[in-house]
Amino acid sequence: MTVPGSWYLALSAVVFAIGALGVLTRRNVLIMFMCVELMLNAANLAFVTFARMLDDIGGEALVFFVLVVAAAEVVVGLGIVVSIFRRRHSATADDLHVMKG
Amino acid sequence: MNAVVGTGTVMSLLGRAGVGPLAVISRVDFVTFWVCAVIIVVGAVGVVLSRHPVHAALMLIMTLFAVAVLFIEQDANFLAAIQVIVYAGAIVVLFLFVIMFLGVDRREDLSHDPLRGQRVVAPILVALGLAGVLVLGVGAHWATGAHSVVGPARGQPGGDVAALGRAVFTVYLFPFEITVGLLVTAIVGAVVLARRPSQPAVPDDEAATGDAGDPAPSPPPASLRATDAEVPGAPAADARTEAVVAGGSAPAGSTHTEAVAPELGAQAADARTEAVVAGGSAPAGSTHTATGVTEPGAGAGSASEPGAVREEVVS
């Protein structure tokens with residue numbers, strides 16, 4: 001018998017928490033992006049685990065869509081980072097208060 | 001710490017759900033899971049803690065590979081391949097490309113805190129959220145009595161690839177088509193963002209035309225000076241006019257050099273000046289010959305084969 005799914009879910013929750021912590025505490029925009037990727041991966045792991053536990057291929061199909069969304073998000077996000085960097089030569093989130101209320 | 005809490009709750013969850021004692025789990029699965037879990041957590045912590053963005057990206061690759069192994073462990077082979085190819089192969093490479101492109105930015109002013117107390121409150125909130133999820137996971141019942149909508153994942157003909165393909169192209173066809181719109185939007189957005197504003201494009205054009213136009217006027221004075229210097233040698237002037245004729249008429253550089261070389265004789269210095277002139281006015285030579293100006297024409301004519309002229313003269 002394989003490892004029970006709840007272990008995978010706990011691992012997924014831990015990874016998601018680490019990613020959220022990184023997004024909240026880091027200032028480098030690129031590393032914040034990587035932490036978002038960590039959170040997406042944690043969600044993917046949970047989806048695959050549920051697909052196995054419930055024996056439903058829908059979870060895996062959802063992982064497929066999450067991958068597409070992650071790719072699109074990274075492309076647009078890195079484009080924004082590059083265009084910000086071109087304007088002001090740093091990629092620190094604290095400097096980006098142009099739209100501050 | 002987190003991992004310890006996770007295993008503890010999971011143990012109690014196991015006991016409650018009646019899954020069975022640990023001994024039932026095969027040793028291979030057990031070792032695989034724990035090795036991958038340690039790699040994943042270490043990599044995730046490394047992403048968060050590393051000062052250097054490149055190190056963070058490499059840690060992220062480590063985590064992604066371990067997650068791919070866990071996918072395989074759970075019979076999601078296709079998704080594991082996609083994980084390695086798309087995430088580790090494309091997304092992280094894109095990250096590294098942007099890091100290298102922008103220059104590694106290590107400045108990160110952590111002393112200045114615009115949102116006061118955020119760095120203290122954030123870990124507390126995250127820990128509370130994680131603890132809440134785990135406690136709820138232990139205490140709650142499994143209420144997902146939902147029946148499979150798309151079909152079972154296991155035991156399908158063609159394995160998980162076929163099952164996933166059937167799911168994506170039948171039940172999830174509409175979301176799949178929406179992803180097409182998403183990807184097109186992302187491509188357009190990336191192109192728009194990566195385009196430089198049209199301001200620098202105009203000087204660029206001017207520079208391009210200036211490249212063709214500017215050096216062309218400058219060589220004639222140089223060549224004039226050259227003729228002034230070389231005028232004492234009468235054969236030299238002769239050779240020069242020959243070169244002009246040849247250069248004006250023929251783009252064929254070989255015949256031109258053949259015509260010039262015997263006439264030039266010992267005028268090595270002359271040929272060299274011609275070659276120098278030729279180097280200056282390469283692109284605009286044709287228009288100058290068309291207007292009938294002889295000197296730049298000579299320059300352009302020999303421009304086709306400056307090296308050949310020099311070699312023949314030397315020999």
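The values are calculated or read from the model by the stated rules, or taken from the named source; none is laboratory data. Computed from a predicted model, the values in this text were never measured in an experiment. Every residue, glycine as well, gets a Cβ built from its backbone with ideal geometry; the counts of neighbours run over all protein chains shown. We work out accessible area using only protein heavy atoms, side chains counted, and drop any ligands, DNA or RNA first. Shrake-Rupley method; radii C 1.70, N 1.55, O 1.52, S 1.80 Å.
Mind giving me the FRET efficiency for A:V66 and B:A162? R0 is 22 Å, r the Cβ-Cβ distance, nearest 0.05 is fine. Before the final figure, lay out the partial values.
Values: r = 21 Å, r/R0 = 0.94.
E(calc), rounded to 0.05, equals 0.60.
Suppose we compare each residue of the stretch A:41-61 in its chain alone and in the full protein complex with a 1.4 Å probe; which ones drop by at least 40 Å² of accessible area?
A:N41, A:L45, A:V48, A:R52, A:L54, A:D55, A:D56, A:I57, A:E60, A:A61
When the accessible area of chain A is split by element with a 1.4 Å probe, what percent falls to carbon and sulfur?
Details: 2540 of 3500 Å².
Summing carbon and sulfur atoms, their accessible area is 73 percent of the total for chain A.
Rg and Dmax in Å for chain A, alpha carbons only: what are they?
In Å, with Rg to one decimal and Dmax whole: 16.9, 56.
Take A:E73, B:E177, A:E60 and sort them by solvent-accessible surface of the protein heavy atoms, 1.4 Å probe, largest at the top.
Numbers: A:E73 55, B:E177 110, A:E60 5 Å².
Descending order: B:E177, A:E73, A:E60.
If R₀ is 35 angstrom, what is the calculated FRET efficiency for the pair B:F174 and A:H89, using the beta carbon separation as r and rounding to 0.05? Display every interim value, and only then the final one.
On the way: r = 44 Å, r/R0 = 1.26.
It comes out at approximately 0.20.
Return the calculated 222 nm mean residue ellipticity for chain A, to the nearest 500 deg cm²/dmol, obtained by summing -39500 (n - 2.57) across DSSP H runs with n ≥ 4 and dividing by the residue count. Intermediate values should be presented prior to the final figure.
On the way: 3 runs with 77 residues, N = 101.
Here the helix-only value at 222 nm equals -27000 deg cm²/dmol.
Which value, in Å², gives the accessible area per residue of the stretch A:5-99 when a 1.4 Å probe is used on the protein heavy atoms?
Details: 3070 Å² over 95 residues.
Ligands and nucleic acids excluded, the result is 32 Å² per residue.
Tell me the net charge near B:V126. Cut-off is 15 Å between Cβ atoms, B:V126 excluded, with +1 for each Lys or Arg and -1 for each Asp or Glu. Intermediate results must be reported in sequence, preceding the final value.
On the way: positive: A:R26, B:R119; negative: none.
Its environment carries a net charge of +2.
For chains B and A, what's the summed buried accessible area, probe 1.4 Å, to the nearest 100 square angstrom?
Values: alone 21420 and 7220 Å², together 21310 Å².
Buried area between the two chains comes out at roughly 7300 Å².
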